Amino acid sequence: MKKPLELQVNGAVKTVEVDPEEPLLYVLREEFSLNGPKFGCGLHQCGSCLVLVDGEASYTCRIPCASFEGKKIQSIEGLSNGDKLHVLQEAFFEVQAAQCGYCVNGMMIAALELLEGNSNPKMQEIKSALNRVICRCGTHSRFIKAVKKATSSNSNL
Amino acid sequence: MHLPNTDRRTFLKTTGQFLIGFNLFPLLNCSPSEKDPNILQAYSGIPERPHGGRDLIDSWIRLDAEGHVTVLTGKKELGQGIRTALIQIAADELEVDIQRCHIINGDTGQTANEGYTSGSNSIEGSGKAIREAAAEAKFFLLQLASAKLECSLEDLNLSDGTIEGLQNKKTSYWELLDGQYYEKTISGEAPILDNKRHQYVGKPIPRADILELVKGKAHFVHDLRLPDMVHARVLHPPTYGARLLSIDKAKVEALPGVLGIFVDGSFIAVIAEREFQAVKAWEKLKESTVWEKPSINPLPDRLFADMRSKAQKPEIIQENPNISEKLNNSPIRLKSAFQRPYHMHGSAGPSCALAKWEEEKLTVWSPTQGVYPLQSTLADLFQVELTNIRCIGVPGSGCYGHNGADDVSAEAALIAKAFPGKTIRLQWMREDEHQWEPYGSAMIMELEAGVSKEGMIQAWDSKIWSDSHSTRARGDAGHFISARYLENPFEFKKGGFSGGAYRNAIPLYDIPALNLKLFNYDGPLRSSALRGLGAYANIFALESFMDELAETSDMDPFTFRINNLKDERAIAVLEELKSKTNWNAMGRSGNEGYGIAFAKYKNTAAYFAVMAEVEKDPERKSFKLTRMVGVIEAGQCINPDGIINQTEGGMIQSASWTLIEAVKYDEHGFLSKDWNSYPILRTNDVPEVEVYVINRPELPPLGAGEAAQGPVAAAIANAVFDCTGTRIRELPITAEKINW
Ligand code: FES
Ligand code: FES
């Protein structure tokens, strides 16, 4: 059942031996030791498992890993450059945008997708972008603020 | 990770120390990144050893010879920022740089027994203990310094642990402690630092763990990866009380990666090498089992009537013989009944725990709110000595009370017992979390009051119907859900109904005659502590009713409340809200409506007042909550940004409960199984929130984490009334209930 599969995660290409039907999320957590993408529902309802795939936010909790071959997968682990934080990471930290933090990954990935195509989003655009991610702690207002801050603090995202 | 499963006595024996003071061994296994708050590395900071009782300094504060301070707390980090707040307190009291400080929280192998992290009392409890321990440690060290430097205490100058005496003679905490062990108790006599000299308390010190979160560092129990770890899933019964009739194991066992299926009565689990293999096996198990399913009773349409008719004889909580007379003599007299449905904790990440049995000893890595109660309940479940169980608290997804954290921990331990030597990582599926957590109980609140011509409340009569708000595990294994489904099941005894049901039912207003009756009700759904317990619904009712009384008395809601209050701090919070919202100048011409509400949580914790703004769209027969402004006063504020963060979160969470949430079920079982069948507020519908803090550094800190829940619900109801003229007394407050 297992097959070798070549996946490009955060810039590095690695061959893994996995069941091609296994959803990407499990492969990222088990083969790549990522913590960012998380299991929240397994139903495409909560956004905990989001990663960027060729720049677009994609669920990973159901879609088979094989369908991600040849694509660029990015997670929040790949954002910072050595010690230098990405502007979005900086903004989230400065705004202290987290309570328990379980949803932070999804919020950041949803924001990254938005910022990639729109460096100066309007309030409603930010809200809609983050809308697919469930946050039970009620940290929404801070996530919105952090995304705004990221857009105003740097033009080259 | 080396995890000695040892109690203090054995530890002392093996180290040859009779007693251990708060000086510690040098850092034996200090990793280069030991300042990293990552839980996976935090243990490498200071050597592990058991605590020696709450009255020892050592149980709260440990200093090593190299300049590190370790704070220990039995309280758990739940996303409320408690770690940062407690470190701020310790750093200030010891007068050291905060960078020196580390924290270990919730580990039966190391920290003191502080019960559950609940009821917003961590700062009041643990914070106080840590402050006193730190003060005592400093006091003792200064005495040592005064002897060593041969000068009086008054001549000593302390800065970041370095102590300077006369003639430039210097020493330091770390030097003074070198190689020696001191057994010191907390006498309570050490002077506490004047709050004016605080460097950290009262400042918005950022939470270091947020930096780790945004980098995707391991943080949650979900992220633990231990050697020999395998993955488990539990197939919960289809509904409460269902019994397994048959299971076809062969089909599932044949699946790739499956290592075993564990069946004990109606408790079924599967373990597999990889997580997804366990998930697939779990799906297959569903098809391979046949159950006998009792139906749930009463159904939602009969629930509230059933509550009234089947409740037990009332408990009289407070009684005034003159109440009927006072009510009869009041020119304004009102009576209203309010309802709240079952609400869900709905943690974003499903509950997860790890467990391992080895040589008859059990270690559990758990997101529990209380490692000690978990330990004692596990001891009951397995009928073993406490000393054979170690519970290590690891952050989970936000829990907001008693969610699935303890249940999943017990289940992981049950499975681990069947597979000794393996570390079992069990994670619930979304539907497990939605269906099996204990919900916040449905409630009825019936209120009656009399008001004088002058607008002064004369009498207040409350009746409350509710199921239990605390069925937490406290030593009886029957409180773990799956223990009830074993071949030899543990009985669940609900025990006394807790005071949680009438929390905040007694108004803080100055009322001469009060009655309060509680009707305990054994409801159809599993219930337990959800953030605020009964306070959420009681304040919703009480503060909605206050608006009804103000309206009937033809008085402004602020004025009516303030006139009936004596508590100066309560009045100050309301006055601040009034000025921050510019209440008197607020336009009321358009489609907007405004409502306010206030409470002092538990009548002993933080003061909170809030204004909600709603906007209606009469064409579309809908309304939207657009803005909320809150003012909170929690005595001395340890970390203003922490309080604001938690209060904003509480406001949004409560708005979600209030506007759209209600657990649904029918006779066959749960209908609220996921985020589509139990939606919660998302960013598109979240209102703007503003929070202001009144800091009173001269007063003791008060618990603030649950203060917002109740007032927000009432403020929304009051705003909807202001805007539409419809008084909604049955939660949730939806557009269909408005009389357009
Ligand atoms: S886990 Fe993928 S959307 Fe919820
Ligand atoms: S911060 Fe806890 S779920 Fe969003």
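What does the charge count near B:R531 come to, summing +1 for each Lys or Arg and -1 for each Asp or Glu among other residues with Cβ under 12 Å from its Cβ?
Residues close to B:R531 contribute a combined charge of +1.
Run the dipole for the protein assembly as shown about the Cα centre, Lys and Arg Cβ at +1, Asp and Glu Cβ at -1, nothing else charged, and hand back the magnitude in debye, nearest 20.
Charge dipole, the protein assembly as shown, about its Cα centre: 1040 debye, nearest 20.
Going Cα to Cα from B:K169, which aspartates and glutamates come in below 14 Å? Please leave out same-chain ones fewer than 8 positions away.
B:E150, B:D155
Solvent-accessible area per residue for the stretch B:459-531 at a 1.4 Å probe radius, Å²?
Numbers: 2270 Å² over 73 residues.
Dividing the accessible area of the stretch B:459-531 by its residue count gives 31 Å².
Provide the descending list of Cα extents for chain A along its principal axes, expressed in whole angstroms.
Largest first, chain A extends 47, 30, 25 Å along its Cα principal axes.
Please report, as a whole percent, how much of the solvent-accessible surface of the stretch B:142-215 comes from carbon and sulfur atoms (probe radius 1.4 Å). Intermediate results must be reported in sequence, preceding the final value.
Working: 1890 of 4190 Å².
Percent of accessible area from carbon and sulfur atoms in the stretch B:142-215: 45.
Take peptides A:14-22, B:724-732 and line them up by average Cβ neighbours within 10 Å, highest first, as a rough protection proxy.
B:724-732, A:14-22
Find out how many positive minus negative residues lie around B:D510, taking Lys and Arg as positive, Asp and Glu as negative, among other residues whose Cβ is under 15 Å from that of B:D510.
+2
Can you pull the accessible area of B:H51 for me, 1.4 Å probe, Å² to the nearest 10?
40
Please report, in Å, the Rg and the Dmax of chain B, where both are computed over Cα atoms only.
Just the Cα atoms of chain B yield Rg and Dmax of 27.4, 85 Å.
So what is log10(I(q)/I(0)) for the stretch A:3-77 at q = 0.19, 0.20 1/Å, when the Debye sum runs over its Cα atoms only?
Here the Debye-derived log intensity ratios amount to -0.67, -0.75.
Which order do the peptides B:189-195, B:548-554 take when ranked by the mean count of other beta-carbon atoms within 10 Å per residue, highest first? Don't skip to the answer; put the middle values down first.
On the way: B:189-195: 13.6, B:548-554: 18.3.
Averaged packing, sorted descending, gives the order B:548-554, B:189-195.
So what is the calculated 222 nm ellipticity per residue for chain B, using -39500 (n - 2.57) for each DSSP H run with n of 4 or more, over all residues, to the nearest 500 deg cm²/dmol?
Result for chain B: -8500 deg cm²/dmol, rounded to the nearest 500.
Please name which of B:I210, B:G523, B:I123 has its Cα lying farthest along the dipole of chain B towards the positive end, using unit charges on Cβ (Lys, Arg +1; Asp, Glu -1) and the Cα centre as origin.
About the Cα centre, the residue reaching furthest to the positive side is B:G523.
Every cysteine in chain A with no other Cys Cβ under 4.7 Å from its Cβ, please list them in numeric order.
That list is A:C65, A:C100, A:C137.
Which ³J(HN,Hα) values, rounded to whole Hz and listed in residue order, are derived for the stretch B:299-311 from phi using the Karplus coefficients 6.51, -1.76 and 1.60 in 6.51 cos²θ - 1.76 cosθ + 1.60 with θ = phi - 60°, glycine and proline given as x?
Once θ is set to phi - 60°, the couplings for the stretch B:299-311 become 7, x, 5, 9, 4, 6, 5, 4, 4, 5, 8, 9, 5 Hz.
Counting partner chain Cβ atoms within 10 Å of every residue's Cβ in A:10-19, what's the average?
Details: counts 1, 0, 0, 0, 0, 0, 0, 0, 2, 6.
The per-residue average across the peptide is 1.
Taking all protein chains in place and a 1.4 Å probe, what share, in percent, of the accessible surface of the stretch A:3-77 do carbon and sulfur account for?
Here carbon and sulfur together make up 45 percent of the probe-accessible area.
State the antiparallel share, in %, of DSSP beta bridges confined to the protein assembly as shown, rounding to the nearest 5.
Counting only bridges with both partners in the protein assembly as shown, antiparallel ones make up about 75 percent.
With runs of 4+ DSSP H residues as the only contributors, calculate the mean residue ellipticity of chain A at 222 nm using -39,500 (n - 2.57) per run, divided by the residue total and rounded to the nearest 500. Mind showing how you got there, number by number?
On the way: 5 runs with 52 residues, N = 157.
Estimated from H runs of four or more residues: -10000 deg cm²/dmol.
Can you flag which of B:K600/B:K673; B:K76/B:K128; B:K293/B:K493 are past 27 Å Cα-Cα?
Pairs exceeding 27 Å: B:K600/B:K673.
How large, in percent, is the carbon and sulfur part of the accessible surface of the stretch A:87-153 at a probe radius of 1.4 Å?
Values: 960 of 2010 Å².
The nonpolar share, carbon plus sulfur, comes to 48 percent.
Before I look further, what does the stretch A:87-153 give for accessible area per residue, probe 1.4 Å, in whole square angstrom?
30
Cα convex hull of the protein assembly as shown: how many Å³ per residue?
That works out to 175 Å³ per residue.
What's the average, rounded to a whole number, of partner chain beta-carbon atoms within 10 Å of each residue's beta-carbon in B:702-712?
Shielding by partners across B:702-712 averages 0.
Students often check this: by mean Cβ neighbours within 10 Å, which of B:675-687, B:623-635 ranks highest, and how do the rest follow?
With the highest mean Cβ count within 10 Å placed first, the list reads B:623-635, B:675-687.
Could you rank A:M1, B:M229, A:M123 by how accessible they are, 1.4 Å probe, largest area first?
Sorted descending by solvent-accessible area, the residues read A:M1, A:M123, B:M229.
Show me you know the interface measure: the accessible area buried between A and B, both chains summed, probe 1.4 Å, in Å² to the nearest 100.
Using a 1.4 Å probe, the pair buries roughly 4900 Å².
Considering only DSSP beta bridges whose two residues both sit in chain B, what percent are antiparallel, to the nearest 5?
Counting DSSP beta bridges with both partners in chain B, the antiparallel share is about 70 percent.
Per-residue mean of other chain beta-carbon atoms within 10 angstrom of the beta-carbon, peptide B:347-355?
Mean partner-chain Cβ count within 10 Å for B:347-355: 5.
Given a 1.4 Å probe and heavy atoms of the protein chains only, how would you sort B:R340, B:R333, largest accessible area at the top?
My answer, sorted largest first, is B:R333, B:R340.
The values are calculated or read from the model by the stated rules, or taken from the named source; none is laboratory data. Since this is a predicted model, take the numbers as computed values, not measurements. Methodologically, a virtual Cβ is constructed for each residue, glycine included, from the backbone with ideal geometry; neighbour enumeration extends over all protein chains shown. Quick note on the areas: whole protein, heavy atoms, side chains included, nothing else; ligands and nucleic acids left out. Shrake-Rupley method; radii C 1.70, N 1.55, O 1.52, S 1.80 Å.
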